[in-house]
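Before any comments, here is the structure.
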Amino acid sequence: MKNNKFITAAVVATLALTSCEKTDYDAQFDRDTHVKIMSDNSVSTYAVSTCTGKDTSFVVDFGVAMCINVANLPGIDDVRYDEYEFYAMLDGRKVKGFQNLKDQISDRSQNIIDGNINLQLSGHTDLAVYLLHENMYKAQFFVENGDGQIFELQLKEVY
């Protein structure tokens, strides 16, 4: 019985120590410039006609694609001072900021959303592209630095 308790304690201690170690892949993932999409976002608009009573309410589901570790790219040392442009390509069209949602979300809603994202990105809203859910996996992501070099980024996580 005493040996079983010792073995159990040793296994638990080993698991606790090894579960905190980062693999080479995890460490590389933390350094790579890549894209993450925060996908659980929506704007609900409630509209009921006062004349007919017809309900024309709708919901727009969208994701916020964020460029992670942009300062690791050549020519970008400081996001506050260096010139760069983060964008998505959709159907051969360059999309920045709210361009993909302009027709679906009112200006007032865009300002509220932009304010919340601005806080999460420490004022760097230029590192965010807003995409309709149906476009999140179709988009390709790029960063162009001030020298005109273009880097394609991989979508690494949707959460």
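The values are calculated or read from the model by the stated rules, or taken from the named source; none is laboratory data. Keep in mind the model is a prediction, meaning the values are calculated, not measured. Cβ placement follows ideal geometry from the backbone for every residue including glycine, while neighbour counts extend to all protein chains displayed. We work out accessible area using only protein heavy atoms, side chains counted, and drop any ligands, DNA or RNA first. Shrake-Rupley method; radii C 1.70, N 1.55, O 1.52, S 1.80 Å.
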statement: Per-residue accessible area, 1.4 Å probe, largest first, puts 59, 158 in the order 59, 158
- request: Loop only per DSSP, at most 16 neighbouring Cβ atoms within 10 Å: give me the chymotrypsin sites (Phe, Trp or Tyr not before Pro) in the range 39-114, ordered by residue number.
  value: 46, 81
message: With a 1.4 Å probe and all protein chains left in place, how much accessible area per residue does the range 35-159 have, in Å²?
response: 59 Å²
task: Quote the accessible area belonging to residue 61 in square angstrom, nearest 10, computed with a 1.4 Å probe and with ligands, DNA and RNA left uncounted.
output: 70 Å²
- prompt: Quick one: which of 54/102; 54/96; 102/156 span more than 32 angstrom between C-alpha atoms?
  reply: 54/96
message: Taking the full set of protein chains and a 1.4 angstrom probe, give the accessible area of residue 153 in square angstrom, rounded to the nearest 10.
response: 10 Å²
